[in-house]
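What follows is a short report on a single structure.
The values are calculated or read from the model by the stated rules, or taken from the named source; none is laboratory data. Since the structure is predicted, the reported quantities are computational estimates derived from the model, not experimental observations. Cβ atoms come from the backbone with ideal geometry, glycine included; neighbour counts cover every protein chain shown.
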């Protein structure tokens, strides 16, 4: 037996004369075990406390709970700035056994109530409440909605003196008794209490209270910090402690966010919820919608919805020039637009050599010159050139014939209606949606590039608080030019009071791009919803997730995940009111039900109008 066993064992000599255990005995034993090295120098057990080396410790147990337990009632104890150990022992009780006991208890309470009635006594509210509680709990147990447990909650506190322990004991009692929870010291059971709070899983104290599932869940001991500010919108509920996650993206060092989630995890739902709440705080929102999910929302909120496709009536001319801002010159605006157009043509033509790049650059400059647009001119009221003008200039340049031929499908072919017309899109509304669902997949990256360039030009005209939402951003990560343009928006948006919300489900394509990580690092808010097993390891490495956070993302339900804001992060669950849900839902069954309700209401109005018309005609004939 080691020396540590003698100290903590139940041998009478170790209890009565601890001083007999000297270093000499350790030396004579000839063998040192790990327990001998980490064991305290002395141990003294008294009815009220234990002297463990230089520390004094005292154990407590909870003996009584109120009728109701609120969520987080144990948080003040967990967050105390003291050294202490807590053990919670939960022993399931067989439901059939409990129901038999409940039957006898209900009969006993009923008997007491009837006896008081027969004697003519005033009814006892305590007995009435007890009877209702017993009946309700019995129903829940029979329906398997609840289970019953024997629960032991033990606390061991440490101190350097009796006065310090008395102070901690008084503080714990004050916190718990204010919630009608009563605690007592384990008198004459300090040894059992201490062993029960050691990380050994032994319930030697055996002081239990019966709790059903609902109040037991309020005892969850792991609480996190809040992510709540005085300003901002409600993003969801903190899953750790049920507090509200209120945050203002425009209070951070940049206003960008990024969201990763697998298909069906609720990313579009969460984004629409943020948009709806953001619109209430005088913020303009622009959405690039690749799946036509925001049309109904734009209609309900009085926004504008543009369907960008080959057959659409909405057109954007990529040669449009933004009005120079207060601190910008016309030369800088023109130069920036020419660089963006070179990137667009590189995307449209499937890549350019260095020579072709130079030819395109010179052709764009000459195309603008045809319309008297130069670095020294005021082009505010000048009509910009079209794609066909650029093709004409390119055809007349040495080495530009083949490039002009490759451009033909955009000027004369089936794709001519897309970008070879003057712009007729006005985004002067609080909520604007550009839908690209009907655009061919081959053209979607090009369309997203053109739309984003048009939006960026409009943003630079006037300084306003704006949010640009890019759904399914993995389309833009397919090409270096579109990905580079997205990154430039993310980096430069802050100067124009713009927040960029990037949303994607294809984590692999996004992170493979050399611009993926820079976009993440330049996003102050990062939201991870439910993930698939194939991508979780990549995300864990990228976001430095713990294993617990990794499994939380794998096991989350729809609308649940982790919310990062600056250096803080919490587990979050998105919640919406009934009205919000009706506006933003993407569930096909709910969408069909809403459309049917609208059709039925329209038909009812038509029937009512016909009936009223008939009644008026009948009255006129009479």
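All conditions in (1) closer than 25 Å to residue 214 by Cβ; (2) loosely packed, with under 15 Cβ neighbours inside 10 Å hold for residue 69, with the sole exception of (2). Here 300, 285 are screened, and the one residue that is touching a helix residue (DSSP H, G or I) at 6+ places or on another chain (Cβ under 6 Å), modelled with pLDDT of 80 or more and surrounded by fewer than 17 Cβ atoms within 10 Å (Cβ to Cβ) is 300. Among the residues in the range 333-354, are any touching a strand residue (DSSP E or B) at 6+ places or on another chain (Cβ under 8 Å) and surrounded by 20 or more Cβ atoms within 10 Å (Cβ to Cβ)? Within the range 333-354, not a single residue is touching a strand residue (DSSP E or B) at 6+ places or on another chain (Cβ under 8 Å) and surrounded by 20 or more Cβ atoms within 10 Å (Cβ to Cβ). If the condition is being in a helix (DSSP H, G or I) and under 17 Å from residue 99 (Cβ atoms), then the range 131-147 contributes 131, 133, 134, 135, 136, 137, 138, 139, 140, 141, 142. Only residues that are over 20 Å from residue 236 (Cβ atoms), part of a loop (DSSP other than H, G, I, E, B) and touching a helix residue (DSSP H, G or I) at 6+ places or on another chain (Cβ under 6 Å) were counted across the range 506-550, and they come to 5.
Looking only at the range 457-476, residues that are in contact with a strand residue (DSSP E or B) (Cβ under 9 Å, 6 or more places away or on another chain) and without any contact (Cβ under 8 Å) to a residue 40 or more places away in the chain come to 4 in all.
Looking at the range 192-202, is at least one residue surrounded by 16 or more Cβ atoms within 10 Å (Cβ to Cβ) and in a loop (DSSP other than H, G, I, E, B)? Within the range 192-202, none of the residues are surrounded by 16 or more Cβ atoms within 10 Å (Cβ to Cβ) and in a loop (DSSP other than H, G, I, E, B).
Does residue 239 meet the test of being closer than 30 Å to residue 411 by Cβ and modelled with pLDDT under 90? So residue 239 does not fit the description; no. All of 323, 285, 333 fail the test of being outside any loop (DSSP other than H, G, I, E, B), over 16 Å from residue 435 (Cα atoms) and in contact (Cβ under 8 Å) with a residue 12 or more places away in the chain, apart from 333. When residue 313 is tested against (1) under 44 Å from the mean Cα position of the chain (by Cα); (2) part of a helix (DSSP H, G or I); (3) surrounded by fewer than 15 Cβ atoms within 10 Å (Cβ to Cβ), only condition (2) is not met. Looking only at residues in the range 363-387 that are more than 19 Å from residue 457 (Cα to Cα) and surrounded by fewer than 15 Cβ atoms within 10 Å (Cβ to Cβ), the one that is modelled with the lowest pLDDT is 376. Within the range 386-395, can one find any residue that is under 16 Å from residue 320 (Cβ atoms) and under 46 Å from the mean Cα position of the chain (by Cα)? Yes, some residue in the range 386-395 is under 16 Å from residue 320 (Cβ atoms) and under 46 Å from the mean Cα position of the chain (by Cα).
Yes/no per residue for (1) farther than 22 Å from residue 235 by Cβ; (2) at pLDDT 75 or above; (3) assigned by TED's automatic domain parsing to the domain that holds residue 278; (4) not in a helix (DSSP H, G or I):
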site	(1), (2), (3), (4)
576	no, yes, yes, yes
580	no, yes, yes, no
593	yes, no, no, no
598	yes, no, no, no
604	yes, no, no, no
610	yes, yes, no, no
613	yes, no, no, no
620	yes, no, no, no
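Of 467, 463, all but one fail to be closer than 22 Å to residue 232 by Cα, assigned to a strand (DSSP E or B) and either outside the structural domain of residue 340 (by TED's automatic domain parsing) or within 16 Å of the chain's Cα centre (by Cα) (or both); the exception is 467.
Check whether at least one residue in the range 475-482 is in contact with a helix residue (DSSP H, G or I) (Cβ under 6 Å, 6 or more places away or on another chain), in the same structural domain as residue 263 (by TED's automatic domain parsing) and closer than 23 Å to residue 562 by Cα, and report yes or no. Within the range 475-482, none of the residues are in contact with a helix residue (DSSP H, G or I) (Cβ under 6 Å, 6 or more places away or on another chain), in the same structural domain as residue 263 (by TED's automatic domain parsing) and closer than 23 Å to residue 562 by Cα. Here the strands (runs of 3 or more DSSP E) wholly within the range 1-70 that include at least 2 residues being at pLDDT 75 or above and over 47 Å from the mean Cα position of the chain (by Cα) are 43-45. Residues that are under 31 Å from the mean Cα position of the chain (by Cα) and part of a helix (DSSP H, G or I) do not occur anywhere in the range 416-432. Condition check for residue 398 on (1) touching a helix residue (DSSP H, G or I) at 6+ places or on another chain (Cβ under 6 Å); (2) exposed (fewer than 13 other Cβ atoms within 10 Å of the Cβ): one failure, at (1).
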